[in-house]
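The values are calculated or read from the model by the stated rules, or taken from the named source; none is laboratory data. Keep in mind it's a predicted model, so treat the numbers as computed, not measured. All Cβ positions, even for glycine, are placed from backbone atoms using ideal geometry, and neighbour counts span all protein chains on display.
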Amino acid sequence: MKTKEPSSCVEEAEKLLERFEQDPAHTRHVALLAGLFFSETQGLHHLGEEERHFLHVAALLHDIGWAKSPKGVKHHKISAEMIRQYHWKTLKDEEVRTVAAIARYHRKALPKAKHLEYSELSPAQRKIVSSLAALLRMADALDRTHRQVVRSLEVKSSPGKKMRVIPRTEASLYHEIRAFDDKKDLFESFFEQEIEVEMKK
């Protein structure tokens, strides 16, 4: 997949965010954390700058479905549909489908072949979606309370296919860690690595 101007798709996403997003501070922070996860796990996913932009766009827009579902019911699916229906000037059709799928899998069910939006993707796109959705789920978990208290993070490897996320924060992460434990499932299954949050003492 080739995007002519990767940065312009982010600018276009910002306009869509400003139109629909009810908590832009949260989604922008999730985009920041997702970018940190992307950099820290480069040795696992081996993706490039185009894919980083896809992740950033999906992170910015993963919650816009709340605008049409005030109680949040199925908002992940609604967000994906809104991304697909938007008339993008900077993304090709296959790229739009990829970004929409990343946003769709930020919560609830993991990608499955029986899901129409996933089955329509090529094998290469499916790998990108699974990789990036795994990072987005974890990033979203680390802002579970929408307080933006995780300022930065590191991901370190341990023996035996185990990884540790070390967040930089001065706040309690009780709810974030609980959410992380729920949403690390895609990362662990796709990359075959165990991962957990480790708080510095």
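Of all residues in segment 69-88, count the ones that are at pLDDT below 95 and among the charged types (D, E, K, R).
Final tally of qualifying residues: 1.
Take the conditions under 17 Å from the mean Cα position of the chain (by Cα), surrounded by fewer than 20 Cβ atoms within 10 Å (Cβ to Cβ), among the charged types (D, E, K, R) and in a helix (DSSP H, G or I) and apply them to Arg97. Does it pass?
Taking the combined requirement at face value, the residue does not satisfy it.
Is there a residue being in contact (Cβ under 8 Å) with a residue 12 or more places away in the chain, part of a helix (DSSP H, G or I) and either under 16 Å from His76 (Cβ atoms) or under 13 Å from the mean Cα position of the chain (by Cα) (or both) anywhere in segment 106-115? So that I can check it myself, show each step before the final result.
Our first condition is that a residue be in contact (Cβ under 8 Å) with a residue 12 or more places away in the chain; within segment 106-115, this holds for 106-108, 110-111.
With the extra rule that they be part of a helix (DSSP H, G or I), the set shrinks to none.
Within segment 106-115, not a single residue is in contact (Cβ under 8 Å) with a residue 12 or more places away in the chain, part of a helix (DSSP H, G or I) and either under 16 Å from His76 (Cβ atoms) or under 13 Å from the mean Cα position of the chain (by Cα) (or both).
Report, ordered by the first and then the second residue, all pairs with beta carbons closer than 7 Å, sequence separation of six or more or different chains, a first member in segment 20-36 that is under 14 Å from His75 (Cα atoms), and a second member that is of a type in the set (S, T, N, Q) and buried (at least 19 other Cβ atoms within 10 Å of the Cβ).
Glu21/Thr27
Return the residue satisfying two criteria in turn: it lies in segment 34-69 and is crowded, with 17+ Cβ neighbours inside 10 Å and over 22 Å from Ile195 (Cβ atoms), and of such residues it is farthest from the chain's Cα centre (by Cα).
Checked segment 34-69; the qualifying residue farthest from the chain's Cα centre (by Cα) is Trp66.
Can you give me the number of residues within segment 173-201 that are of a type outside the set (D, E, K, R), at pLDDT 95 or above and not in a helix (DSSP H, G or I)? Please lay out each step first, then the result.
Taking segment 173-201 as the starting set, the residues that turn out to be of a type outside the set (D, E, K, R) are 173-175, 177, 179-180, 186-187, 189-191, 193, 195, 197, 199.
Subsequent filtering for residues that are at pLDDT 95 or above retains 173-175, 177, 179-180, 186-187, 189-191, 193, 195, 197.
Subset that is not in a helix (DSSP H, G or I): 173, 193, 195, 197.
Total satisfying the criteria: 4.
Each row is one residue, and each column tells you yes or no for (1) crowded, with 19+ Cβ neighbours inside 10 Å; (2) farther than 19 Å from Ala109 by Cα; (3) among the hydroxyl-bearing types (Ser, Thr, Tyr).
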| residue | (1), (2), (3) |
| --- | --- |
| Met138 | yes, no, no |
| Asp143 | yes, yes, no |
| Val149 | no, yes, no |
| Glu154 | no, yes, no |
| Gly160 | no, yes, no |
| Phe180 | yes, no, no |
| Lys183 | yes, no, no |
| Val197 | yes, yes, no |
